[in-house]
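The next block holds one structure in the form of C-alpha coordinates; read it before the comments.
The values are calculated or read from the model by the stated rules, or taken from the named source; none is laboratory data. Given the structure is predicted, the values throughout are model-derived calculations rather than measurements. Cβ atoms come from the backbone with ideal geometry, glycine included; neighbour counts cover every protein chain shown.
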Amino acid sequence: SIKNGRSNQYCQYDSGMRSEMLRRSEIEAVMEKALADGEFTFYIQPKYDVDGSRVVGAEALARWIQPGGKMVSPGEFIPVFEQNQFILQLDEYIFTRVCERLRNRLEQGLPVVTISVNVSRVHVRQEDFVSTYQAIKDRCQIPDGLIELELTESIFLENLDRIGSIIRELRAAGFGCSIDDFGSGYSSLNALKGMPVNVIKLDREFLLNEGDTGKGAVIVRSIIQMAKKLDIETVAEGVETPEQLAFLKDAGCDMIQGFIFSRPLPEPDFARLLEEDA
Ligand code: C2E
Ligand code: MG
Ligand code: MG
Ligand code: MG
(Lines give C-alpha, C1' and ligand atoms only; values in the text may rest on other atoms or scores of the structure.)
(Ligands and ions follow the chains in the order given, each with its own letter.)
Protein backbone atom coordinates (compact mmCIF):
# COMPACT_ATOMS: atom_id res chain seq x y z
CA SER A 1 0.00 0.00 0.00
CA ILE A 2 0.88 3.63 -0.30
CA LYS A 3 1.08 3.89 3.45
CA ASN A 4 3.51 1.06 3.70
CA GLY A 5 5.60 2.41 0.89
CA ARG A 6 5.85 5.70 2.66
CA SER A 7 6.79 4.35 6.01
CA ASN A 8 9.37 2.29 4.23
CA GLN A 9 10.79 5.42 2.68
CA TYR A 10 10.93 7.15 6.03
CA CYS A 11 12.65 4.13 7.41
CA GLN A 12 15.32 4.18 4.73
CA TYR A 13 15.83 7.92 5.03
CA ASP A 14 16.15 7.60 8.76
CA SER A 15 18.70 4.82 8.71
CA GLY A 16 20.60 6.66 6.00
CA MET A 17 20.84 9.71 8.25
CA ARG A 18 21.84 7.61 11.17
CA SER A 19 24.69 5.99 9.27
CA GLU A 20 25.81 9.37 7.97
CA MET A 21 25.96 10.66 11.55
CA LEU A 22 27.78 7.55 12.61
CA ARG A 23 30.28 7.96 9.80
CA ARG A 24 30.90 11.56 10.83
CA SER A 25 31.41 10.78 14.45
CA GLU A 26 33.66 7.88 13.49
CA ILE A 27 35.80 10.19 11.36
CA GLU A 28 35.93 12.68 14.22
CA ALA A 29 36.91 9.97 16.68
CA VAL A 30 39.69 8.83 14.35
CA MET A 31 41.02 12.37 14.08
CA GLU A 32 40.81 13.10 17.80
CA LYS A 33 42.74 9.93 18.47
CA ALA A 34 45.31 10.68 15.76
CA LEU A 35 45.87 14.12 17.30
CA ALA A 36 46.16 12.71 20.82
CA ASP A 37 48.56 9.99 19.58
CA GLY A 38 50.83 12.59 17.99
CA GLU A 39 50.25 11.44 14.41
CA PHE A 40 50.11 15.04 13.20
CA THR A 41 53.32 16.89 12.75
CA PHE A 42 54.81 19.44 10.39
CA TYR A 43 57.54 19.55 7.80
CA ILE A 44 59.38 22.76 7.02
CA GLN A 45 60.11 24.05 3.56
CA PRO A 46 62.79 26.75 3.34
CA LYS A 47 62.32 29.96 1.39
CA TYR A 48 65.45 31.23 -0.36
CA ASP A 49 66.69 34.45 -1.84
CA VAL A 50 66.60 34.40 -5.67
CA ASP A 51 70.19 33.19 -5.88
CA GLY A 52 69.40 30.22 -3.70
CA SER A 53 72.34 31.16 -1.54
CA ARG A 54 70.55 31.97 1.70
CA VAL A 55 67.56 30.64 3.65
CA VAL A 56 65.44 33.73 4.33
CA GLY A 57 62.38 32.11 5.85
CA ALA A 58 60.40 28.89 5.92
CA GLU A 59 56.89 27.48 5.92
CA ALA A 60 55.50 24.85 8.27
CA LEU A 61 53.31 22.32 6.44
CA ALA A 62 51.05 19.87 8.25
CA ARG A 63 51.73 16.15 7.84
CA TRP A 64 49.68 13.20 9.02
CA ILE A 65 51.89 10.20 9.56
CA GLN A 66 49.73 7.19 10.30
CA PRO A 67 50.87 4.14 12.27
CA GLY A 68 53.07 2.07 9.97
CA GLY A 69 54.49 5.24 8.43
CA LYS A 70 51.89 6.00 5.77
CA MET A 71 51.93 9.74 5.09
CA VAL A 72 48.66 11.40 4.12
CA SER A 73 49.02 14.66 2.24
CA PRO A 74 47.28 17.83 3.45
CA GLY A 75 45.63 18.07 0.04
CA GLU A 76 43.58 15.06 1.15
CA PHE A 77 42.79 15.84 4.76
CA ILE A 78 42.60 19.65 4.95
CA PRO A 79 39.43 19.90 2.81
CA VAL A 80 37.76 17.22 4.97
CA PHE A 81 38.85 18.93 8.17
CA GLU A 82 37.53 22.25 6.88
CA GLN A 83 34.10 20.71 6.60
CA ASN A 84 33.89 19.39 10.14
CA GLN A 85 35.68 22.21 11.98
CA PHE A 86 38.48 19.88 13.05
CA ILE A 87 40.71 22.28 11.10
CA LEU A 88 40.48 24.64 14.09
CA GLN A 89 42.17 22.10 16.33
CA LEU A 90 44.72 21.12 13.71
CA ASP A 91 45.76 24.69 12.82
CA GLU A 92 46.15 25.58 16.47
CA TYR A 93 48.07 22.38 17.17
CA ILE A 94 50.57 23.02 14.35
CA PHE A 95 50.91 26.68 15.31
CA THR A 96 51.57 25.76 18.96
CA ARG A 97 54.18 23.12 18.04
CA VAL A 98 55.94 25.66 15.79
CA CYS A 99 55.99 28.25 18.60
CA GLU A 100 57.37 25.68 21.04
CA ARG A 101 60.14 24.66 18.62
CA LEU A 102 61.06 28.31 18.08
CA ARG A 103 61.11 28.98 21.82
CA ASN A 104 63.33 25.97 22.32
CA ARG A 105 65.82 27.09 19.67
CA LEU A 106 65.89 30.66 20.99
CA GLU A 107 66.62 29.36 24.48
CA GLN A 108 69.49 27.26 23.14
CA GLY A 109 70.86 30.20 21.16
CA LEU A 110 70.40 28.35 17.85
CA PRO A 111 69.77 30.21 14.57
CA VAL A 112 66.16 30.89 13.62
CA VAL A 113 64.35 32.35 10.61
CA THR A 114 60.82 33.66 10.22
CA ILE A 115 58.44 30.71 9.99
CA SER A 116 55.09 30.95 8.33
CA VAL A 117 52.13 28.91 9.46
CA ASN A 118 48.96 28.31 7.43
CA VAL A 119 45.62 29.40 8.82
CA SER A 120 42.40 28.17 7.25
CA ARG A 121 39.73 30.55 6.04
CA VAL A 122 37.39 28.66 8.36
CA HIS A 123 39.64 29.61 11.24
CA VAL A 124 39.69 33.28 10.37
CA ARG A 125 35.91 33.31 10.82
CA GLN A 126 36.27 32.48 14.52
CA GLU A 127 35.58 35.41 16.79
CA ASP A 128 38.54 34.65 19.11
CA PHE A 129 41.08 33.72 16.41
CA VAL A 130 43.49 36.64 16.92
CA SER A 131 43.39 36.57 20.72
CA THR A 132 43.93 32.79 20.81
CA TYR A 133 46.96 32.98 18.54
CA GLN A 134 48.34 35.99 20.38
CA ALA A 135 48.03 34.19 23.73
CA ILE A 136 50.02 31.20 22.43
CA LYS A 137 52.67 33.47 20.92
CA ASP A 138 52.97 35.36 24.22
CA ARG A 139 53.09 32.20 26.32
CA CYS A 140 56.01 30.98 24.19
CA GLN A 141 57.61 34.45 24.31
CA ILE A 142 58.08 34.62 20.55
CA PRO A 143 59.61 37.95 19.50
CA ASP A 144 57.60 40.02 17.02
CA GLY A 145 58.22 39.25 13.37
CA LEU A 146 59.37 35.66 13.81
CA ILE A 147 56.01 34.18 12.90
CA GLU A 148 54.07 34.95 9.80
CA LEU A 149 50.53 33.72 9.27
CA GLU A 150 49.54 32.66 5.76
CA LEU A 151 45.92 33.41 4.91
CA THR A 152 44.69 32.10 1.58
CA GLU A 153 43.48 34.52 -1.02
CA SER A 154 39.96 33.11 -0.60
CA ILE A 155 39.58 35.10 2.64
CA PHE A 156 38.89 38.04 0.33
CA LEU A 157 35.50 36.43 -0.22
CA GLU A 158 34.68 37.11 3.44
CA ASN A 159 33.60 40.49 4.73
CA LEU A 160 36.47 42.73 3.65
CA ASP A 161 36.12 45.22 6.51
CA ARG A 162 36.36 42.40 9.02
CA ILE A 163 39.34 40.82 7.22
CA GLY A 164 41.05 44.22 7.13
CA SER A 165 40.66 44.68 10.86
CA ILE A 166 41.80 41.11 11.57
CA ILE A 167 44.97 41.69 9.56
CA ARG A 168 45.59 44.98 11.39
CA GLU A 169 45.11 43.19 14.73
CA LEU A 170 47.51 40.43 13.68
CA ARG A 171 50.17 42.96 12.68
CA ALA A 172 49.67 44.86 15.94
CA ALA A 173 50.15 41.56 17.80
CA GLY A 174 53.54 41.15 16.09
CA PHE A 175 52.62 38.64 13.41
CA GLY A 176 53.69 38.92 9.81
CA CYS A 177 50.81 38.36 7.46
CA SER A 178 50.94 36.91 3.98
CA ILE A 179 48.36 36.21 1.32
CA ASP A 180 48.79 32.64 0.12
CA ASP A 181 47.95 31.32 -3.37
CA PHE A 182 47.74 34.88 -4.61
CA GLY A 183 46.23 35.02 -8.08
CA SER A 184 44.74 31.52 -7.95
CA GLY A 185 41.13 32.61 -7.90
CA TYR A 186 39.33 35.69 -6.76
CA SER A 187 41.15 38.72 -8.06
CA SER A 188 42.23 40.68 -5.06
CA LEU A 189 44.34 43.60 -6.21
CA ASN A 190 41.78 46.11 -5.02
CA ALA A 191 41.19 44.28 -1.76
CA LEU A 192 44.86 44.76 -0.83
CA LYS A 193 44.21 48.46 -0.42
CA GLY A 194 42.89 48.23 3.11
CA MET A 195 45.11 45.33 4.18
CA PRO A 196 48.51 45.82 5.78
CA VAL A 197 49.86 42.46 4.59
CA ASN A 198 53.63 42.28 4.25
CA VAL A 199 53.98 39.34 1.87
CA ILE A 200 52.13 37.89 -1.07
CA LYS A 201 52.78 34.38 -2.31
CA LEU A 202 52.35 33.97 -6.03
CA ASP A 203 50.40 30.85 -6.76
CA ARG A 204 52.19 27.96 -8.40
CA GLU A 205 49.61 27.91 -11.19
CA PHE A 206 51.24 31.03 -12.65
CA LEU A 207 54.40 29.10 -13.32
CA LEU A 208 52.93 26.04 -14.97
CA ASN A 209 53.75 25.74 -18.68
CA GLU A 210 54.54 29.43 -18.95
CA GLY A 211 57.35 30.85 -20.93
CA ASP A 212 58.35 34.37 -20.00
CA THR A 213 56.33 35.83 -22.84
CA GLY A 214 52.85 34.42 -22.09
CA LYS A 215 50.04 36.35 -20.44
CA GLY A 216 50.78 34.70 -17.10
CA ALA A 217 54.29 36.14 -17.23
CA VAL A 218 52.93 39.63 -17.88
CA ILE A 219 50.60 39.29 -14.89
CA VAL A 220 53.34 37.99 -12.60
CA ARG A 221 55.61 40.88 -13.55
CA SER A 222 52.93 43.44 -12.84
CA ILE A 223 51.94 41.87 -9.53
CA ILE A 224 55.57 41.97 -8.42
CA GLN A 225 55.91 45.61 -9.52
CA MET A 226 52.69 46.56 -7.78
CA ALA A 227 53.76 44.76 -4.61
CA LYS A 228 57.06 46.66 -4.55
CA LYS A 229 55.22 49.96 -4.75
CA LEU A 230 52.97 48.88 -1.89
CA ASP A 231 56.00 47.80 0.12
CA ILE A 232 54.89 44.17 0.05
CA GLU A 233 57.39 41.35 -0.42
CA THR A 234 56.79 38.59 -2.95
CA VAL A 235 57.38 34.86 -2.66
CA ALA A 236 57.03 32.53 -5.64
CA GLU A 237 55.88 29.10 -4.61
CA GLY A 238 56.26 25.82 -6.45
CA VAL A 239 59.37 26.85 -8.37
CA GLU A 240 60.83 23.74 -10.00
CA THR A 241 62.85 24.66 -13.09
CA PRO A 242 65.87 26.88 -13.83
CA GLU A 243 63.75 28.65 -16.49
CA GLN A 244 61.11 29.61 -13.91
CA LEU A 245 63.82 30.75 -11.56
CA ALA A 246 65.54 32.91 -14.18
CA PHE A 247 62.22 34.51 -15.08
CA LEU A 248 61.32 35.27 -11.44
CA LYS A 249 64.75 36.71 -10.78
CA ASP A 250 64.40 38.97 -13.80
CA ALA A 251 60.87 39.96 -12.72
CA GLY A 252 62.23 41.08 -9.33
CA CYS A 253 60.63 38.45 -7.11
CA ASP A 254 62.06 38.57 -3.58
CA MET A 255 61.92 34.96 -2.40
CA ILE A 256 61.73 31.48 -3.88
CA GLN A 257 60.03 28.48 -2.33
CA GLY A 258 60.08 25.31 -4.36
CA PHE A 259 61.57 21.94 -5.11
CA ILE A 260 64.33 23.60 -7.16
CA PHE A 261 66.00 24.49 -3.86
CA SER A 262 64.36 22.24 -1.31
CA ARG A 263 61.35 20.04 -0.61
CA PRO A 264 59.58 20.33 2.73
CA LEU A 265 61.90 18.71 5.28
CA PRO A 266 61.38 16.96 8.60
CA GLU A 267 62.16 19.51 11.33
CA PRO A 268 65.56 18.02 12.35
CA ASP A 269 66.76 18.17 8.73
CA PHE A 270 65.65 21.78 8.45
CA ALA A 271 67.44 22.57 11.72
CA ARG A 272 70.64 21.08 10.32
CA LEU A 273 70.27 23.18 7.18
CA LEU A 274 69.97 26.36 9.27
CA GLU A 275 73.00 25.49 11.32
CA GLU A 276 75.10 24.84 8.19
CA ASP A 277 73.84 28.10 6.72
CA ALA A 278 74.70 30.15 9.81
P1 C2E B 1 50.30 25.96 0.48
O2 C2E B 1 50.22 26.65 1.78
O3 C2E B 1 50.14 26.78 -0.75
O4 C2E B 1 51.70 25.24 0.51
C5 C2E B 1 52.51 24.99 -0.61
C6 C2E B 1 52.33 23.59 -1.14
O7 C2E B 1 53.09 23.43 -2.32
C8 C2E B 1 52.83 22.50 -0.18
O9 C2E B 1 52.01 21.35 -0.36
C10 C2E B 1 54.24 22.24 -0.72
O11 C2E B 1 54.74 20.96 -0.36
C12 C2E B 1 53.99 22.35 -2.18
N13 C2E B 1 55.19 22.67 -2.93
C14 C2E B 1 56.23 23.44 -2.54
N15 C2E B 1 57.15 23.56 -3.52
C16 C2E B 1 56.67 22.85 -4.57
C17 C2E B 1 57.17 22.58 -5.89
O18 C2E B 1 58.23 23.04 -6.30
N19 C2E B 1 56.39 21.81 -6.69
C20 C2E B 1 55.20 21.28 -6.26
N21 C2E B 1 54.53 20.52 -7.11
N22 C2E B 1 54.70 21.53 -5.03
C23 C2E B 1 55.43 22.30 -4.20
P24 C2E B 1 51.46 20.51 0.86
O25 C2E B 1 52.49 20.44 1.92
O26 C2E B 1 50.93 19.23 0.30
O27 C2E B 1 50.26 21.39 1.40
C28 C2E B 1 49.14 21.62 0.60
C29 C2E B 1 48.26 22.70 1.17
O30 C2E B 1 47.65 22.27 2.38
C31 C2E B 1 49.00 23.99 1.53
O32 C2E B 1 49.21 24.75 0.40
C33 C2E B 1 48.03 24.61 2.51
O34 C2E B 1 47.02 25.30 1.82
C35 C2E B 1 47.43 23.40 3.19
N36 C2E B 1 48.07 23.22 4.50
C37 C2E B 1 49.23 22.61 4.83
N38 C2E B 1 49.44 22.66 6.17
C39 C2E B 1 48.38 23.33 6.71
C40 C2E B 1 48.01 23.72 8.05
O41 C2E B 1 48.71 23.49 9.06
N42 C2E B 1 46.83 24.39 8.19
C43 C2E B 1 46.04 24.68 7.11
N44 C2E B 1 44.89 25.33 7.34
N45 C2E B 1 46.37 24.35 5.85
C46 C2E B 1 47.52 23.69 5.65
MG1 MG C 1 50.96 28.26 2.63
MG1 MG D 1 50.57 28.60 -1.20
MG1 MG E 1 49.18 26.64 -3.03
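Taking only the range 188-203 into account, find how many residues are under 22 Å from Gly145 (Cβ atoms), part of a loop (DSSP other than H, G, I, E, B) and in contact with a helix residue (DSSP H, G or I) (Cβ under 7 Å, 6 or more places away or on another chain).
3
Among the residues of the range 22-58, which ones are acidic (Asp, Glu) and in contact with a Phe, Trp or Tyr (Cβ under 9 Å, 6 or more places away or on another chain)?
Within the range 22-58, Glu28, Glu32, Glu39 meet the criteria.
Condition (residue is in contact with a helix residue (DSSP H, G or I) (Cβ under 6 Å, 6 or more places away or on another chain) and part of a loop (DSSP other than H, G, I, E, B)) applied to the range 216-233: is it met by at least one residue?
Within the range 216-233 (the criterion being in contact with a helix residue (DSSP H, G or I) (Cβ under 6 Å, 6 or more places away or on another chain) and part of a loop (DSSP other than H, G, I, E, B)), the answer is no, since none of the residues qualifies.
Evaluate the following for Val199: is it away from ligand 1 (no atom under 11 Å from the Cβ) and of a type in the set (Val, Ile, Thr)?
Yes; evaluated as a whole, the condition is true for this residue.
So which of Leu245, Leu230 is buried (at least 20 other Cβ atoms within 10 Å of the Cβ) and farther than 21 Å from Ile94 by Cβ?
Matching residue, one of Leu245, Leu230: Leu245.
Tell me the residue from Phe247, Phe270 that is under 16 Å from Arg54 (Cβ atoms) and assigned to a helix (DSSP H, G or I), please.
So the residue among Phe247, Phe270 that is under 16 Å from Arg54 (Cβ atoms) and assigned to a helix (DSSP H, G or I) is Phe270.
Residue check, Thr241 against (1) in contact with a strand residue (DSSP E or B) (Cβ under 8 Å, 6 or more places away or on another chain); (2) at pLDDT below 95; (3) among the hydroxyl-bearing types (Ser, Thr, Tyr), all met but one. Which one?
The single condition Thr241 does not satisfy is (1).
From the list Asp138, Asp91, pick out the single residue that is within 16 Å of ligand 3 (Cβ to nearest atom) and either assigned to a helix (DSSP H, G or I) or surrounded by 14 or more Cβ atoms within 10 Å (Cβ to Cβ) (or both).
Asp91
Identify all residues within the range 32-86 that are in a helix (DSSP H, G or I) and surrounded by 15 or more Cβ atoms within 10 Å (Cβ to Cβ); write none if there are none.
Ala34, Leu35, Pro74, Phe77, Ile78, Phe81, Glu82, Phe86
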